[in-house]
Structure formats: structure tokens, C-alpha cells
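This report concerns only the one structure given below.
The values are calculated or read from the model by the stated rules, or taken from the named source; none is laboratory data. Note that the coordinates shown come from a computational prediction; the quantities given were computed from them, not determined experimentally. Neighbour counts run over all protein chains shown; Cβ positions are idealised from the backbone, glycine included. For accessibility, only protein heavy atoms count, side chains too; no ligands or nucleic acids. Shrake-Rupley method; radii C 1.70, N 1.55, O 1.52, S 1.80 Å.
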Amino acid sequence: MSKLLVKERDVVVPGEDIVEGMDYLPSKGTYREGDKIVASQLGLVRIDGKVIKVIPLSGKYAPKRGDTVIGKVIDVLMSGWRIDIDSAYSAMLGLKEATSSFIARGADLTKYYDIGEYIAVNITNVTSQKLIDVSMRGPGLRKLEGGCFIEVNTSKVPRIIGKQGSMISMIKQATDCRVIVGQNGIVWISGTPEMEAIAIDVIKKIAKEAHIPGLTDTIQTYLDKKVPKKKIVEPKAEEQEKKPEVKDTEEKKETPSKEEKK
Amino acid sequence: MNYKKRLDGRKFDELRPIEAKAGVIARADGSGYFKIGNTIAYAAVYGPRELYPRFMQNPEKGIIRVNYNMLPFSSKGNRVRPGGSRRSQEISMVTEKALLPVLDLSEFPNSVIDIFIELPQTDAGTRCAGICAASIALADAGITMKDMVSSISVGRVDDQVVVDLNYDEEAYDAPVADVPLAFLNKSKEISLLQMDGDITEEQLFKAVEMGKKACEKISKIQREALKNKYK
């Protein structure tokens, strides 16, 4: 007979016992010691049938193949760019993967992406030694000009995107901003200055309250309060929004949010 | 023989009042605060991040770097020259070795986790407070660790075995031994044991047992500190 020593969604610290007995299986963020399952990370307990895992509340972004991230160009090399993706390792963007246009041999690469510029990229490969390859071939992957960037913890990203992108499209609709959320926790927001400020405020609020259930409703009411004039502008705003929306929805496809959220 | 009562009136196995917090430094990946009596330690963790110079990189697993520093004004104003010293170098090294057994760094080849421990106010037991704060900071940074580390100094004053010596006791005019200890919370393995002064075998065993009990209390406080951050 197995005994659960904590409840689901409880915060556990490394070294804390979660289960006593052999009926459950340890998964991410946990390990088995003797007949106990013990947490190895600070986070929330999640029980998925017989599988126990800990969803981390903090920590650096661990690069995964297929993730869309926002990175900053930190170096221009012979045959590509080095990108800081706010993880423990920097990523490499090769020439072929950078643009669809032809780049002549010996061309000045800073014409395409210069140091300090931000780009949305897709991770194509991560090796055991954590060499990361990224690509810009794909919908919505481009240089990010204008707007502003904010940083949130990578563990909060699934909540910001929401189930099937519900949270993010809610913010987009209310504030009329273009938003791209990188899996590494960097968020790009572009719109009118006032609306940008509201969007930033809301995203920060989500990040702060990410571990509290029923967040979508809280944010909905919060947004309604913050954007009162919306009703007058609504029909016009929605039409305008259609265009950028199509472009930006692509990144939301690979949201890992479904499994994380309930 | 003469040491019947402790200088600050505590029982022989009583700890000074402890306060702990997590997430006190906004820009750090993880941070911890640990106060025991008049000793205050702040720890900040940065990383895992890329490690330079390159010759220090280990392609098999990441490394940790600890920097222990007592601020010049922290004790009695007699340690006025700021920066590293032979003492701080040694303590950085033992702190690193006390924390390593709980960390799994194989996921982070060629990288480093930097731990900075600063002590704005000290009254003995600094390396122990530093280890406790660093342990909180590492957990707060979301680093995979199989356990937490807690630490306390034990020792003897005259012929009494005591826990958590303060500076007045360390400087007491009688034979004194100061034994900083660090335990892994679950397995109760010892990851730090140093000794300053002399102590009999019997007293040492008794002191280690008392230290183990004290560390159980400390580990509870550390856990609470981390959980309180998310309340």
C-alpha cells in the first residue's frame, strides 16, 4: 500500500518525501530512494495516474528541440551568428538557416542581423554537449524590431500562453498588441505605448500568480478593468488585429501547456 | 568546570534564534538569507551559465564556484581590508565541497554555477550560516539537487559540549574547540567537519550527535523559508 505524503499542487523542496511505497513511479524532478519517491527540485507536485513529477517553479531554460525562443545576437561569425537564448548555453544560427534569400560568399553578415538585435528562432538540434542549433525557417520566425521585451521565468511560459493559446490571445485581443512568447521566457510585445504598458503589466501578473489555479478568470477581470475604453474601439480593433494574428499564432502551436495545465 | 551557564543564557543544546528567507535578491537566479543570532548570511546563485576561461571547463559535468566574503565592517571592525584572504579562500573551498554531494551537474557540461556568499554582520558560525543560505539559494534557483544541506557549529567550552557557539564563547578564556558541521538532511551524511582547538573523542561524538539534532531543526526552517516564498 502506497501512501501519499503530500497533496497535488503542494510546494515541495529538494529532499522532501512525496510517496511512501512502490505503487507510484518517479518522473521529472523526482527520484526513488528505497521505497520512497523524493523531490529533487523546488516545485509543485503533479500526480498523473501512477506517475509523480515535480513542475519546477524556477530555473534556467533547458533547450529542447522544436521550441520557439527569442534570442539576442551576441556575435557575428564567419558562417553564422551566435545567439544568446537566456539558457546555460548560447545557440548557433547557421547561414543557410538564417534567411530565405541568397547570401553571397563573403557578404557582410551584419546587414542581416547585427549584434544586439533580437530574433525569434526555432531550436533544431541540441547535442549531449549542449551545442544548440537554431533556424529561422518557419512561420513567424523573424527579426523583432520595435516593441519591447520582458523576461519571465521559463516555467511560467505555459501559463502565459494558456490552453491552446487562450491566455495570450485574450491579451492580444484586449490590448491590440502583437505578442510573441519564447519558450525561454522572453516575451516580445509591440503596440501603442499605453497598451504595451498594460500588456506588460498583465504578463508580469500572470508570471507572479502562475501557481494559483483559476488564473484565466482573474486575468480576464483584471484586463476588463484595465482596458475600459475597449468597447468603443472593439469592432475596428478586431479587424485590424486579424492580420498580425495570423502571423503570430504559429508559435503557439507547440505549447507544452496542455500537459502542464489542468 | 567553571562553565556552568552559557554567556548568553542559552541551554547547552539551544540554538540562537534563526530566521531564513528565499528569493531576497531580485536579479539573481536564486538567493537565500540566513540569520542565526547576530550572524547574517546572504547567498546568491547565478547559473548554470557558460564558463570562461575555457581551460576550466569540464566536458563531463558542470562545476560550482563558491565565493565567501565577510564585509569589512561585519565583525568588530578589525577586519578592515576588503576582499579575499587566505581564510576566505579556504572557507570558499570547504563550502563548495560541503554542497557538491547533493548536486547533479552532469546535465550541465562545460558550465558553471556561481554561488556568492556575503556576510554583512558576523558573530561566529559564518561558514555554517553561509552553507545554510547557499543551500536555500540553490534550491530557489531551481537546480536539481537530491537533498538540502544544513550546517551548524558545535564544540566545547571548558568541559561543556555546546551547540552553536557565538563569538564570545569562541574567545572564552578556557580551552575551547569549535567544530563546524554540515549534514545532508535525509541521509545524515556529514559533508563538512573541521576542528579548531582540541576536543576528546567522547566529547566529539557527543557534539556531533547534538549537531545532528540541531540540523534537523535548521532543515525545517530552510524548508519553510522556501515554501513561504510561494504562499
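Mind telling me which of the residues B:LYS220, B:LYS231 ends up being without any contact (Cβ under 8 Å) to a residue 24 or more places away in the chain, part of a helix (DSSP H, G or I), within 14 Å of chain A (Cβ to nearest Cβ) and over 19 Å from B:THR95 (Cβ atoms)? Steps first, please.
Working: B:LYS231 fails: part of a helix (DSSP H, G or I).
None of the other options fit; the residue is B:LYS220.
Regarding B:ILE221, is this residue in contact with a helix residue (DSSP H, G or I) (Cβ under 9 Å, 6 or more places away or on another chain) and open to solvent by 10 Å² or more (accessible area, probe 1.4 Å)?
Against the criterion (in contact with a helix residue (DSSP H, G or I) (Cβ under 9 Å, 6 or more places away or on another chain) and open to solvent by 10 Å² or more (accessible area, probe 1.4 Å)), B:ILE221 qualifies.
Of a type outside the set (A, V, I, L, M, F, W, C), in contact (Cβ under 8 Å) with a residue 24 or more places away in the chain and either in a strand (DSSP E or B) or buried (at least 18 other Cβ atoms within 10 Å of the Cβ) (or both), is that true of B:LYS35?
Yes; evaluated as a whole, the condition is true for this residue.
Of all strands (runs of 3 or more DSSP E) completely enclosed by region B:108-203, which ones contain at least 2 residues that are open to solvent by less than 30 Å² (accessible area, probe 1.4 Å) and within 14 Å of chain A (Cβ to nearest Cβ)?
B:111-121, B:149-157, B:176-184
Just give me the residues in region A:77-108 being away from chain B (no Cβ under 14 Å) and open to solvent by less than 40 Å² (accessible area, probe 1.4 Å), in sequence order. Break it down stepwise before answering.
Quick first cut of region A:77-108, residues away from chain B (no Cβ under 14 Å) only: A:77-81, A:93-108.
Across region A:77-108, the qualifying residues are A:GLY80, A:TRP81, A:LEU93, A:GLY94, A:ALA98, A:THR99, A:ILE103, A:ALA107.
Quick check on B:ILE40: is it assigned to a strand (DSSP E or B) and under 22 Å from the mean Cα position of the chain (by Cα)?
Here the answer is yes, as B:ILE40 does meet what is asked.
Is it the case, given these coordinates, that B:LEU100 is within 30 Å of A:LYS64 (Cα to Cα), among the aliphatic types (A, V, I, L, M) and either more than 14 Å from chain A (Cβ to nearest Cβ) or touching a strand residue (DSSP E or B) at 6+ places or on another chain (Cβ under 8 Å) (or both)?
Against the criterion (within 30 Å of A:LYS64 (Cα to Cα), among the aliphatic types (A, V, I, L, M) and either more than 14 Å from chain A (Cβ to nearest Cβ) or touching a strand residue (DSSP E or B) at 6+ places or on another chain (Cβ under 8 Å) (or both)), B:LEU100 qualifies.
Given the criteria away from every other protein chain (no Cβ under 13 Å), open to solvent by less than 10 Å² (accessible area, probe 1.4 Å), at positive phi and out of contact with any Ser or Thr (no Cβ under 7 Å at 6 or more places or on another chain), does A:GLY71 qualify?
Against the criterion (away from every other protein chain (no Cβ under 13 Å), open to solvent by less than 10 Å² (accessible area, probe 1.4 Å), at positive phi and out of contact with any Ser or Thr (no Cβ under 7 Å at 6 or more places or on another chain)), A:GLY71 does not qualify.
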